[in-house]
1. For the stretch 221-236, state whether one or more residues are over 30 Å from residue 154 (Cα atoms), touching a residue at least 24 places away in the same chain (Cβ under 8 Å) and assigned to a helix (DSSP H, G or I).
2. In this structure, is residue 596 touching a Ser or Thr at 6+ places or on another chain (Cβ under 7 Å) and outside any loop (DSSP other than H, G, I, E, B)?
3. Suppose we keep only residues that are polar (S, T, N, Q), open to solvent by 70 Å² or more (accessible area, probe 1.4 Å) and under 23 Å from residue 106 (Cα atoms) within the stretch 590-640. Which one would you say is modelled with the lowest pLDDT?
4. Modelled with pLDDT of 90 or more and at negative phi: which single residue out of 481, 461 fits that description?
5. How many residues, within the stretch 97-119, are assigned to a strand (DSSP E or B), free of Cβ contacts under 8 Å to residues at least 60 places away in the same chain and closer than 16 Å to residue 630 by Cα?
6. Which ranges mark the helices (runs of 4 or more DSSP H) fully within the stretch 242-350 that have 3 or more residues being touching a Ser or Thr at 6+ places or on another chain (Cβ under 7 Å) and over 30 Å from residue 556 (Cα atoms)?
7. For the stretch 475-496, give me each residue that is free of Cβ contacts under 8 Å to residues at least 40 places away in the same chain and either acidic (Asp, Glu) or surrounded by fewer than 19 Cβ atoms within 10 Å (Cβ to Cβ) (or both).
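The values are calculated or read from the model by the stated rules, or taken from the named source; none is laboratory data. Quantities reported herein were computed from a predicted structural model and do not represent experimental measurements. Heads up, the Cβs are rebuilt from the backbone with ideal geometry, glycines too, and the neighbour counts pull from every protein chain shown. In case anyone asks, the SASA skips ligands and DNA or RNA and just uses the protein heavy atoms, side chains included. Shrake-Rupley method; radii C 1.70, N 1.55, O 1.52, S 1.80 Å.
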Amino acid sequence: MAVKTKPATKATPKKATKKTTTRKAPHKNGASQKTTSKKLAPKKIARKKKATTTPPKPPKPPTTPKATTPPPFEVMGTGSSLFTLKIYRGEQMALLAMNWANNQQPPDNFVGFAIEYKEPNGTQFFAVKNRLSFLQNDGNVNPNILSSRLSPIQKFRWTHFPFHPDLPGEYTYRVTPVFMDSSGVLSYGDHQQASIQLGSDTYPGAMNIAFTRGFVASQKFVDDFGANGGVGTIIPQKADDGLTFKPTDPKAATAMDWMGFEARAVIIDALNQAVADTTAQVRVTAYDFNEPEVVNKLVQLGNRLQIIIDDSGTHGRTNSPESTAAGMLTASGAKVQRQHMGALQHNKTIAINGNNIRLAVGGSTNFSWRGFFVQNNNTVLLYGPQVANIWFDQFQNLWDNPNNPSGFQPTDSARWNDLGIPGVNAQVSFSPHNAGNARLATIASDIAATTSSLFYSLAFLYETPGSILNAITTVTNNDSLFVYGLSDKTVGGLDIQRPDGNPPIAFPANLLNNIPEPFKAEATGGSGTRMHHKFVVIDFDKPTTKVYTGSHNFSSSADTKNGENLFLFRDRRIAVSYMIEAVVMFDHYEFRDAIAKSPTQKLFLKKPPTQQSDKPWWDKDYTDPAKARDRQLFSKDFNS
């Protein structure tokens, strides 16, 4: 079956290269739930000039913005009747999900989607690029990265990372189905279009979820910054060198902005404001602590800073970065305490209380080179006096009970504390806990009660047997539930793909050997953990959704021995943010895991079948149960 389409374009294009995008003026309109679109005649694909510089970085929003009504976090497209489009707001990213209308199969000559976007207040659409392309006439892989109008996306969902994600106003996306005839000529159907705002905090004026990039092992990093991961030129070779290391790569500043992404930006911005507000008192807990920019900003606070730094294991050595930083801060006038609670002082928190700034920071991001620039991490930033007071109280309870879990466990800090965000069910609890307020059993019970989907990214799960792993295994083995899971290493029992079951757990990997064209060898970013997240998203598509996250490793030690922070969010907007992060990581690492297991010489886009035994590119998205659930879950209109 074929579909009548618009005029043709040849499938074997001339070389196309990137076009530099420029910042646009702020847009005053908010995001809308649905947008309308006009049918546009296809235009000739202009050859694009290669960008010679990185697009200018937009200004950062203030750390303490005025609380406003948040824009929609999911929108449905309008336009073509051939397929549906749904867009989710992520943290400086957008997830686009498509499905053929009425869950029907596309025609065989459908070869993917062209995806284009327009920046807020912009006048021009730019095509998303695709590293994969159709084979050239000589059978070779095209080495150029082409417009998705020429190399369509052969997936039913795509995550877009805009050049300028924090521009105020709406990003507009236009998605067009692409078809190919028997001569290899491309044509285009009617498009779907939708607009969504990406540039604000998760809840403007109340809280922001922020992530590090975590993709040193990526084609993007290799293209822009080289294949060695910047080890020795952008980041230090050894953790012990962290406080004295100075990058020598001329692109280091750009690379560090890219690697640190939003998490690093919000942490540094918060410290800058604390330095500027001379009335601000600051409380910090630190685990890995060798990032000089953070340490130097804390030094500037002098006696306005009180800090607890872990002294477990190698952190306690007299020449460790943590000990060196403690000496620098003591000399500046700060009050410094070294402790490890019952095992580790594993918190990574900041609390600021001043006349001009009141905020709190938690999450999994260590104030270290690897924490900012190599690992996948998340940061929770909260605004206002209520959260600042909660953080100051937990800090004081830690300070008053060094290496004494039984002294901290009965305090209010170990209970669930409401974060006071209007209309948002959000709580925090700090470890260590005792038997009466321990969290692990409840988390495991919530995971086991999953009714639709489970996404998790849990560092050290491979070495954490018990109730959490048991609950995850039970849910994963239920073929009626959708599960995407990640850890920093493979996990026995979750590494098997059953015929109709959920895919195996994914873990960090990079392309080093048997690299398929057109990909290049990737970096590792040095030794050590790369996937450092600790979060679980239960039923993101349901009003009953729950997200657990923080520094808490979902282990008994994290629950009852360590100093930790643990958040519980019962909120779909927040759940969608973490879901998208999980999907991005899963896609990234699952692909590399698969290549390592089954090497192939070439990767390229698939043309329509020419023989009865051939299958179209989308066949497994309908015949493989896990892929079919993926296509249906993300594209579903939850408001219908």
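1. There is no residue in the stretch 221-236 that is over 30 Å from residue 154 (Cα atoms), touching a residue at least 24 places away in the same chain (Cβ under 8 Å) and assigned to a helix (DSSP H, G or I).
2. Values: touching a Ser or Thr at 6+ places or on another chain (Cβ under 7 Å): no; outside any loop (DSSP other than H, G, I, E, B): yes.
Considered against the rule, which asks whether it is touching a Ser or Thr at 6+ places or on another chain (Cβ under 7 Å) and outside any loop (DSSP other than H, G, I, E, B), residue 596 comes out as no.
3. Across the stretch 590-640, the extreme among qualifying residues is 640.
4. Matching residue, one of 481, 461: 481.
5. Summing the residues that are assigned to a strand (DSSP E or B), free of Cβ contacts under 8 Å to residues at least 60 places away in the same chain and closer than 16 Å to residue 630 by Cα in the stretch 97-119 gives 1.
6. Ranges flagged: 252-276.
7. Those that are free of Cβ contacts under 8 Å to residues at least 40 places away in the same chain and either acidic (Asp, Glu) or surrounded by fewer than 19 Cβ atoms within 10 Å (Cβ to Cβ) (or both): 477, 478, 480, 481, 489, 490, 492, 493, 495, 496.
Each row is one residue, and each column tells you yes or no for (1) touching a residue at least 24 places away in the same chain (Cβ under 8 Å); (2) part of a loop (DSSP other than H, G, I, E, B).
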{"residue": "121", "(1), (2)": "yes, yes"}
{"residue": "124", "(1), (2)": "no, yes"}
{"residue": "134", "(1), (2)": "yes, yes"}
{"residue": "138", "(1), (2)": "no, yes"}
{"residue": "143", "(1), (2)": "yes, yes"}
{"residue": "163", "(1), (2)": "yes, yes"}
{"residue": "167", "(1), (2)": "yes, yes"}
{"residue": "173", "(1), (2)": "yes, no"}
{"residue": "183", "(1), (2)": "no, yes"}
